[in-house]
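Nothing in this text is a laboratory measurement; each read-out follows from the coordinates by a stated rule. Note that the coordinates shown come from a computational prediction; the quantities given were computed from them, not determined experimentally. All Cβ positions, glycine included, derive from the backbone under ideal geometry; neighbour counts span all protein chains shown.
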Amino acid sequence: MKRKYLKCLIVITGIFLVLFISNKIMKSKYNDLPEVRLKEIVNKDKSFAIMIQNETGYEEYDSNTWPGEEYVYKEAKCTDNNGALVEDVIVFADGKATLTTTQTVYCTLYFDIKKESIVDILKEKSDGKLTDELVYGLYRYQGNAIISNHDAGVFDREDTVKNNYICLGADCNEDGKDLYRIIGVTEDGLLKVVKNVPANDSIAWNSDSSSDIKWPQSELYQYLNSEFYNTLSIDLKEMIVNSEWKYGDISNIDFDEENQNIFTPKELEKYHELSDAIYGTEENDYESGLNDDQKREKIKEISKLESEALVKRENELTDNVTANIGLLTLTDYCSSFESNSIYNCMISKHYYILDEAKNEDFVVSWLSSQRGWGADWTMSRIGLTDYDFYAWSVSLRGHVDGGWNVGSELPVRPVFYLKFDLDISGVGTLDDPFRIGIE
């Protein structure tokens, strides 16, 4: 009898546990926050309404389907039983609305007419030069420029990017102070622009090259964010977004392994392998044994390795400063060449070893300066070399250059971010640049 009683007790207890667990599951299931389905919104209890934007404001939307792709969800305004506003109780995503509360609410969902994004507008006029995907935080204009007759000192130039000029004032001829180029567009629609010609043809990064002065304390930073900024119109200043700019030291590319930090150990091993193949070693009297065509292929490899390492190290910098005005970054320049040709960011510094290089055309980015005799400053320092501090620049020959100490006087082209309404005119050419209502 005791065994039968025990078995009966176990069975009853087991049934109770199953019922208890099932009840918990059912409660959990039916306590989930409800999804707002269209039939409930339109047809069931009129607790919800949909308003769509028209030319003068909003009108009620009465349909058994959600507003189409020509509309974009804007917001929901909700009240409780007492008419008091209730915030953050609806999430609209993936074409459906979900309540984030179990209380009774009465909501109106607003949908705006979907506007064409600035990226879409620029792509239509970019001749395929604006990237489809974000590249280091920007939809970027990418394209090369060809320099010819450089041995004769003429420097004829042919650009492939011709539709990203933007006029930010009245003086927008080729050398005008108000003519800029669009570097790219951020994910949230800010334009990153660079002055077409230098704001100053000869200015030091910091006149005291022996002192450890970081970018935010440098004389060039002060010039850009005070003297240059104060030359801009009130309308333009209102459109400039105070932004974060990365800065820091990125080591030069050389054979000094003790001070070398641009390459990982594996990258450095590959760098020496390619360098030895191109330039030769002491054992073979620095004769590589390669012809010019073979050297060109190795030069592309080593230039790609250098360029990618520079961009990686710059994007690993952790120091930021918030400011209105900055400069080109190494990432901006190295990411502005045609797709899959980042090696061009460093390649021209190697070409002097080619027998026929002085008679050849060479490739620069559309972003390289079309004026000036040597370089454009960037914000990134190289750090201490011998007794002086050096900073990176972009050479007129098209490669990023680490050969100038911060006391050198080079051209400077200011860079900043713009926020504006989508009213934009023009086609982006030099003759008809984009305009955004600044005169």
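For the reader, a short list of remarks on this structure follows.
- In this structure, ALA93 and TYR286 have a Cβ-Cβ separation that, at R0 = 60 Å, corresponds to a calculated FRET efficiency of about 0.45.
- For the peptides 217-223, 388-394, 162-168, 283-289, the ranking by mean Cβ contacts within 10 Å, running from highest to lowest, is 388-394, 162-168, 217-223, 283-289.
- Amide H partners (placed H, <5 Å) of ILE50, local residues excluded: TYR61, LEU109
- Each Lys or Arg adds one and each Asp or Glu subtracts one; over the other residues with Cβ under 11 Å from the Cβ of PHE420, this totals -2.
- Hypothetical label at SER63: residues of region 75-107 whose amide nitrogen lies under 17 Å (7 Å Cα-Cβ projection): 95-97
- Along region 280-291 the Karplus relation, 6.51 cos²θ - 1.76 cosθ + 1.60 evaluated at θ = phi - 60°, assigns HN-Hα couplings of x, 10, 4, 5, 10, 6, 6, 10, 6, x, 9, 7 Hz to successive residues, with x for each Gly and Pro.
- Between GLU124 and GLU439, the modelled label-to-label distance comes to 2.5 nm, taking each label 7 Å out from Cα in the direction of the beta carbon.
- In order along region 186-197, the Karplus-derived 3J(HN,Hα) couplings, from 6.51 cos²θ - 1.76 cosθ + 1.60 at θ = phi - 60°, round to 6, 4, 9, x, 7, 8, 9, 10, 10, 5, 5, 10 Hz, and Gly and Pro are given as x.
- Scanning residues 5 or more positions from GLY428 or on other chains, those with amide H under 5 Å from its amide H are PHE434, with H placed 1.01 Å from N in the peptide plane.
- Rounded Å value of the spacing that divides the Cα centres of region 277-319 and region 138-217: 27
- Each of SER303, SER395 was scored by other Cβ atoms within 10 Å of its Cβ. Listed from fewest to most, they are SER395, SER303.
- Rounded to 5, percent antiparallel among DSSP beta bridges of region 39-134: 75
- Theoretical gain in end-to-end length, ASP276 to ASP132 [0.36 nm per residue, Cα-Cα removed]: 48.0 nm
- Less than 5 angstrom separates the built amide H of ALA375 from those of LEU396, all sequence-distant by 5 or more or on a different chain.
- Taking other C-beta atoms within 10 Å as the exposure proxy, HIS272, HIS399, HIS350 rank HIS272, HIS350, HIS399 from fewest upward.
- Note on ASP319 and SER202: their simple-model spin labels are 2.9 nm apart, each label 7 Å out from Cα toward Cβ.
- Model label points for GLU174 and ASN82, set 7 angstrom from Cα along the Cα-to-Cβ axis, are 7.2 nm apart.
- Antiparallel %, DSSP beta bridges [both residues in region 118-435], to 5: 95
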